[in-house]
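Peer 1: Pasting a structure below so you can have a look.
The values are calculated or read from the model by the stated rules, or taken from the named source; none is laboratory data. Keep in mind that what you see is a predicted model, and the values were worked out from it rather than measured. Reconstructed Cβ throughout: ideal geometry from the backbone, glycine too, with neighbour counts over all protein chains shown. Accessible surface is based on the protein model in full, side chains and every heavy atom, while ligands, DNA and RNA are left aside. Shrake-Rupley method; radii C 1.70, N 1.55, O 1.52, S 1.80 Å.
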Amino acid sequence: MLKNIIKTFFRQAAKNKTTFFINIIGLTLGLSSAILVFLWVHDELTFDRFHQNIDNLYRVVIQNETSDQIIHQAVTPGPLAPALKNEFPEIIKATRCNNFGEWIIKKEDNIYKEKNVAFVDPDFLDMFSFPIVKDNGSPQLVEPFTMMLSENMAKKYFGDDDLIGKTILFAEKHSMQITGVFKNVPENSSLQFDILVPFEYLRERVDIDFWRAHTYYSFVQLQPDAPLAAVNTKIRSFLQKYIPEKKNYVYLQPFGKIHLHSNLSYDMNNRGSIKYVWIFSALAVFILLIAGINYIILTTAQFSRRLNEIGMRKIFGSSKRYLCGQFFLETLIITLFALLLSLLLIDFVLPAFNQISGKSFQFTSVLNHTILAGSVAITILTAFLAGAYPSLVLSNYQPFLMLKSTSLNKQIKTVFRASLIILQFMISIFLITGTIIISKQLSFIQNKDLGFTKDQVIYLRMKKEFLDNYSTFKDKLKQNTNIANVTASFQLPSNIGSSPGDYDWEGKQPGQHIRMNAGLVDYDYFETFDMNIVKGRPFSKNFAGDDSAAYIVNETAVKAMGMENPIGKRFSFWDSPGYIVGVVKDFHAQPLHYNINPVVLKIDSYWLNYIFIKINGHQIPATIDFIKKTYGELAPNDPFEYRFLDESIERTYRAEQNTSALVSFASVLTILLAGLGLFGLTRLTVEQRKKEIGIRKIVGASLPQLFTTFTIPFIKLVLAAGMIAAPLAWYAMNKWLQNFAYRIDLTIWPFLLAGVSALVIALLTISFQTIRAATANPVESLRYE
């Protein structure tokens with residue numbers, strides 16, 4: 001029986017090549033999309049799950065309350081983690097962790113700049129599952145001038161040689177002994193590093209015991225039976241012992257929720273979002289659903305030609321079970337064939353998918369037993385759902401109806417077919433609308449006036465060792481006529497973070513607290529970025545006190561403090577008294593997801609992390625070569641690396657860009673699949689009404705009349721799909737736009753454009769079949785047997 005069914009399947013495939021080809025295309029595209037999204041979703045949901053202690057690991061979070069807002073921040077004071085461990089018996093291990101920019105490493109005559117250097121406490125390796133490959137047999141991360149390398153770093157610096165006990169020069173002055181090698185950190189880890197250095201090493205550079213500087217990530221491990229709610233209650237007011245004047249409260253966040261369920265101030269960079277997991281999963285379901293609908297429509301069209309065959313089989317004794325098995329097996333064969341083609345297609349498109357998703361999957365990732373089992377399960381489920389209608393419905397018809405197709409045609413429900421096409425185009429119009437609105441919002445972000453110049457500005461990351469040479473470097477650069485200005489600051493102008501420091505000002509009311517974004521900058525800051533000083537003046541070396549006591553605030557800060565004439569008024573920050581010398585016009589010191597907050601800027605010659613160079617736009621390559629040469633003269637051991645500011649700001653919205661690319665791809669794919677489905681439905685309708693077309697032509701119907709007769713019903717279906725999709729798209733896009741404090745207005749045009757696009761595609765698809773049928777010889781369509 002199985003052999004006969006397979007033989008029948010291939011015979012039908014050879015007889016109906018077009019239908020078979022379209023089915024294969026639709027199912028292959030649907031399965032490929034579903035498998036890729038399943039791969040991405042699996043990676044997101046298993047983020048950090050490789051840690052053996054994941055259920056007992058937590059991140060320490062600070063809740064900072066002011067009179068106008070509550071901020072939850074991921075960074076904490078340096079002494080907090082060890083103090084919590086010493087104070088509360090429920091906390092059995094604790095570690096701090098941070099990555100301070102780029103570090104110069106020198107081995108022999110080779111100089112490297114490494115970014116993934118993490119400073120951690122000895123408990124780190126006991127808490128987190130980063131297996132040690134080799135070590136010196138002593139406790140790790142205890143002695144300050146030691147370090148551990150990943151397998152990749154070990155090979156990079158020492159090849160296959162035994163590296164335990166050997167030394168390399170770190171930060172251009174400290175000889176660090178290699179004490180161990182650990183396995184490469186998985187990509188689906190929130191903590192990313194290639195080099196581990198004991199946290200005590202930082203004591204050489206900063207005061208790690210300062211309670212008022214919120215700089216480090218802190219992690220703790222609780223006893224297995226310790227209730228989280230009770231521990232949070234106990235530690236809530238712990239910080240007030242050391243900073244009594246601030247309303248800072250402590251609580252623990254499950255480590256396993258950091259990646260998908262966290263949105264804190266100063267959060268980790270490689271976070272995901274559970275909403276994007278749902279969005280991507282929904283897109284995969286939509287695409288797979290349309291592919292399945294297409295199969296049902298096209299299979300129904302094909303089976304209308306097999307009615308005699310099916311009727312004869314039933315007359316000669318074929319049972320309903322046998323026919324159902326035949327149809328299901330045929331569907332399974334074509335779906336499994338589509339799965340094989342999907343794997344080939346995935347191997348081809350995986351680099352593009354990685355670029356969109358921000359992942360680095362290899363084809364071997366698809367062959368992972370979980371992914372492969374999930375892919376097979378998706379394939380079987382698709383085969384079952386796609387084959388259900390033709391199997392269960394057509395096998396139920398009586399043999400005499402099978403042999404009299406006109407009777408059967410009347411029984412095939414028009415409502416069912418109409419529902420399928422409405423559902424297809426509803427999804428397509430929904431996604432096209434989303435693509436248009438997301439693209440408009442991204443364009444709005446890219447073109448919005450941020451209040452400062454971002455174009456033709458390059459920046460360098462500055463090490464502390466370069467601070468002594470910075471003034472010389474700046475003076476030499478400004479001598480070049482192609483360089484407009486040079487400045488430096490602690491942060492990028494588009495990402496000035498809030499500070500937990502204490503603010504005081506003239507006229508402050510008792511109990512009044514506001515949270516400000518604090519920027520530490522160099523002279524020429526406002527001139528370099530073309531920021532507009534609306535009151536007072538910018539910082540200037542012509543005024544002796546500007547390097548220690550001058551402050552410049554933005555317009556929002558002036559309003560928050562309730563000042564009418566702020567120039568000359570007393571202001572202090574972190575117990576550094578001074579006065580306001582200027583007011584800068586509001587600029588976007590944070591991404592456009594957030595409203596403009598109060599901002600204060602202060603001259604600081606020590607905490608300068610970035611050098612900004614504004615070039616004139618002429619002879620850019622030669623200018624950059626000049627900058628590189630000048631930098632190399634002052635820092636010969638530091639590799640020269642630079643970035644353009646506008647590109648860095650654009651990367652801030654990478655998640656939105658990835659979503660836009662994915663939704664655009666999904667909308668193109670769904671409209672293509674919907675077109676295939678409409679092609680199948682039109683084909684079915686023409687097949688059923690070919691005698692009617694012949695009669696109409698004989699009695700004098702013209703081509704436009706026949707075209708109108710067949711297209712109007714389908715136009716009504718697409719319009720109905722648009723009417724349903726529009727409010728759903730409006731709701732979804734309105735919710736998505738709420739993520740931005742500055743956003744476009746929703747107008748009717750994206751919805752109309754999406755509907756018209758779908759209608760045009762539908763008309764083009766219908767025209768091919770209807771014109772072909774209307775121009776055919778009516779004698780052929782009326783010939784009976």
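Peer 1: Set the Förster distance to 56 Å, then compute FRET efficiency between Y242 and F444 from the Cβ-Cβ distance, nearest 0.05.
Peer 2: Working from the Cβ atoms, E equals 0.80.
Peer 1: If you don't mind, there's one more thing I want to ask. When the Karplus curve 6.51 cos²θ - 1.76 cosθ + 1.60 is applied with θ = phi - 60°, which whole-Hz ³J(HN,Hα) does each residue of the range 509-524 get, with x for Gly and Pro?
Peer 2: These are the phi-based 3J(HN,Hα) values: 7, x, x, 7, 9, 10, 9, 10, 8, 10, x, 9, 9, 10, 4, 6 Hz.
Peer 1: Give the accessible surface of the chain per residue, rounded to a whole number of Å², with probe radius 1.4 Å and ligands, DNA and RNA excluded. Could the numbers behind the result be given before it?
Peer 2: Numbers: 35460 Å² over 785 residues.
Solvent-accessible surface per residue comes out at 45 Å².
Peer 1: Show me 670-678, 26-34 ranked by packing, highest mean number of other Cβ atoms within 10 Å first. Provide the component values of the computation, followed by the final result.
Peer 2: Values: 670-678: 24.6, 26-34: 26.4.
Descending packing order for the listed peptides: 26-34, 670-678.
Peer 1: Please give the net charge around W730, taking every other residue with its beta carbon less than 15 angstrom from that of W730, where Lys and Arg add +1 and Asp and Glu add -1.
Peer 2: Working: positive: K440, K735, R743; negative: D745.
Around W730, the charge tally is +2.
Peer 1: Same structure again: With a 10 Å radius around each residue's Cβ, average the other Cβ atoms per peptide and rank 261-267, 513-519, highest first.
Peer 2: 513-519, 261-267
Peer 1: For a quick check: with amide H placed at 1.01 Å from N, whose amide H comes under 5 Å from A741's, ignoring anything fewer than 5 positions away on the same chain?
Peer 2: H593, Y594
Peer 1: Using Cα pairs under 8 angstrom and six or more residues apart, how large is the relative contact order of the chain, in percent?
Peer 2: On the way: 1269 pairs, mean separation 121.5, N = 785.
Relative CO of the chain lands at 15 percent.
Peer 1: Take the solvent-accessible surface of the protein heavy atoms, probe 1.4 Å, and return the percent of it on the range 511-588 that carbon and sulfur atoms account for.
Peer 2: Details: 1630 of 3290 Å².
Whole-percent figure for carbon plus sulfur exposure: 50.
Peer 1: For V120, what residues show an amide H to amide H distance below 5 Å, using hydrogens built from the backbone and excluding near sequence neighbours?
Peer 2: Amide H neighbours of V120: V197, F199.
Peer 1: What helices does the chain hold that run 30 Å or longer along their axis, going by alpha-carbon atoms, with a Kyte-Doolittle average of 0.5 or more, using DSSP H for the helix calls? Provide the component values of the computation, followed by the final result.
Peer 2: Details: long enough: 17-45 (41 Å, 1.26); 274-303 (43 Å, 1.79); 320-357 (49 Å, 1.37); 369-394 (37 Å, 1.62); 414-447 (49 Å, 1.37); 654-688 (50 Å, 0.78); 703-737 (47 Å, 1.09); 749-774 (36 Å, 1.60).
Correct list, ordered by number: 17-45, 274-303, 320-357, 369-394, 414-447, 654-688, 703-737, 749-774.
Peer 1: Right, here's the next one. For A484, which sequence-distant residues (separation of 5 or more, or a different chain) have an amide H within less than 5 Å of its own amide H, given hydrogens modelled in the peptide plane?
Peer 2: For A484, the qualifying residues are K614, I615, N616.
Peer 1: How large is the charge dipole for the chain, taken about the Cα centre, if only the Cβ atoms of Lys, Arg (+1) and Asp, Glu (-1) carry charge, to the nearest 20 debye? Working shown, then result.
Peer 2: Working: 78 positive and 66 negative charges, 987 e Å.
Its charge dipole is roughly 4740 debye.
Peer 1: Counting other Cβ atoms within 10 Å, which GluC sites (Glu not before Pro) in the range 76-147 have at most 12 and lie in a DSSP loop? It would help to have the intermediate numbers written out before the result.
Peer 2: Values: sites: E87, E90, E102, E108, E114; in loops: E90, E102, E108.
Qualifying residues, ordered by number: E108.
Peer 1: Kindly provide the helix-only [θ] at 222 nm of the chain, computed as the sum of -39,500 (n - 2.57) over DSSP H runs of four or more divided by all residues, to the nearest 500 deg cm²/dmol?
Peer 2: Working: 26 runs with 386 residues, N = 785.
Helix-only estimate at 222 nm: -16000 deg cm²/dmol.
Peer 1: Which of L39, Y216, I274 sits farthest toward the positive end of the charge dipole of the chain, with +1 on the Cβ of Lys and Arg and -1 on the Cβ of Asp and Glu?
Peer 2: It is L39.
Peer 1: For a quick check of your reading of the filter: which chymotrypsin sites (Phe, Trp or Tyr not before Pro) in the range 162-235 sit in a DSSP loop and have no more than 12 other Cβ atoms within 10 Å?
Peer 2: Here the chymotrypsin sites (Phe, Trp or Tyr not before Pro) that fit, given the DSSP loop and packing criteria, are F210.
Peer 1: For a quick check of your reading of the filter: which trypsin sites (Lys or Arg not before Pro) in the range 65-173 sit in a DSSP loop and have no more than 15 other Cβ atoms within 10 Å? Could you put the intermediate results ahead of the total?
Peer 2: Details: sites: K85, K93, R96, K106, K107, K113, K115, K134, K155, K156, K166, K173; in loops: K115, K166, K173.
Counting only loop positions with at most 15 other Cβ atoms within 10 Å, the trypsin sites (Lys or Arg not before Pro) in the range 65-173 are K115, K166, K173.
Peer 1: Using R₀ = 25 Å, calculate the FRET efficiency as 1/(1 + (r/R₀)^6) where r is the Cβ-Cβ separation of M268 and L45; round to 0.05.
Peer 2: Numbers: r = 17 Å, r/R0 = 0.70.
Working from the Cβ atoms, E equals 0.90.
Peer 1: Okay, moving on. Please report, in debye to the nearest 20, how large the charge dipole of the range 586-685 is about its Cα centre when each Lys and Arg carries +1 at its beta carbon and each Asp and Glu carries -1 there.
Peer 2: Details: 8 positive and 10 negative charges, 71 e Å.
With only Lys, Arg, Asp and Glu charged at Cβ, the dipole is about 340 debye.
Peer 1: Quick one: if the Förster radius is 35 Å, what FRET efficiency do S576 and E650 give, using the C-beta to C-beta distance and rounding to 0.05?
Peer 2: The computed FRET efficiency comes out at 0.50.
Peer 1: All other residues with a Cβ under 12 Å from the Cβ of I458 taken together, and with Lys, Arg as +1 and Asp, Glu as -1, what is their net charge? Provide the component values of the computation, followed by the final result.
Peer 2: On the way: positive: K454, R461, K614, K628, R643; negative: D455, E641, D646, E647.
Neighbourhood net charge equals +1.
Peer 1: Between I624 and R212, what length comes free when the chain is fully extended (0.36 nm per residue of separation minus the Cα-Cα distance, one decimal in nm)?
Peer 2: Details: separation 412, 0.36 × 412 = 148.32 nm, distance 3.98 nm.
The span from I624 to R212 would gain 144.3 nm if fully extended.
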